[in-house]
1. What list of ³J(HN,Hα) couplings, whole Hz, do you get for the range 43-51 from phi and the Karplus terms 6.51, -1.76, 1.60, once you set θ to phi - 60° and write x for glycine and proline?
2. Just to confirm the filter: which GluC sites (Glu not before Pro) across the range 7-99 are DSSP coil and have at most 10 other Cβ within 10 angstrom of their Cβ?
3. Can you tally the net charge around Q124? Count Lys and Arg as +1, Asp and Glu as -1, for every other residue whose Cβ sits under 13 Å from the Cβ of Q124.
4. Can you sort T13, T56 so the residue with the fewest Cβ neighbours within 10 Å comes first?
5. Normalised by the residues of the chain, what does the relative contact order come to in percent, with Cα pairs under 8 Å and at least six apart?
6. What is the fewest-to-most order of K58, K100 by other Cβ atoms lying within 10 Å of their Cβ?
7. If neighbour count is taken as other Cβ atoms inside 10 Å, put V55, V85 in order from fewest to most.
Amino acid sequence: MGGSLYKSMEEVTGIYELLSLAEEKKLYRDLIRQLNKDFKFANLEADYEEDIHPVTLKQLLHETVFNLINQRFADYLNLLYIIDVSEAKVKELDGSDILKLSEAVVLLILKREWQKVWFRYKYQ
């Protein structure tokens, strides 16, 4: 377990790829707990079961982010701040299609949450 795990995470290009990596490293439940913790800090209702299927997690996160962008933009920005998603990376995204934008934001959220979980695991 060296730097290769972190490098692998940085090279991840898709949501399912990231979730598979978390499962493979036996850190999927920790990822879910981190998501729940940060959503709670952002005062958003999202309590994902630790054994939620990755496809379902992706769908629910995508729906949540999509709705936040469309209906509660201030809460969306607060969530990104709480999770510490890179503002520069969000600004790089194409905002012309909200559906695609929200999916890309979900990947950024999951990458940042995975980074927190992995660092905690590596340095415990």
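1. Along the range 43-51, the couplings run 6, 10, 7, 7, 10, 7, 5, 5, 9 Hz.
2. Working: sites: E10, E11, E17, E23, E24, E45, E49, E50, E63, E87, E92; in loops: E45, E49, E50.
Here the sparse-neighbourhood loop sites are E45.
3. Details: positive: K116, R120, K122; negative: D30.
Within the 13 Å Cβ shell, the charges total +2.
4. On the way: T13 7, T56 11.
Final ranking by Cβ density, sparse to dense: T13, T56.
5. 34
6. On the way: K58 20, K100 12.
In order of increasing Cβ crowding within 10 Å: K100, K58.
7. Numbers: V55 11, V85 18.
Sorted ascending by nearby Cβ count, the order is V55, V85.
The numbers here are math on the coordinates, done by the rules we state, and not lab data. Given the structure is predicted, the values throughout are model-derived calculations rather than measurements. Positions of Cβ are backbone-derived with ideal geometry, glycine not excepted, and every protein chain shown enters the neighbour counts.
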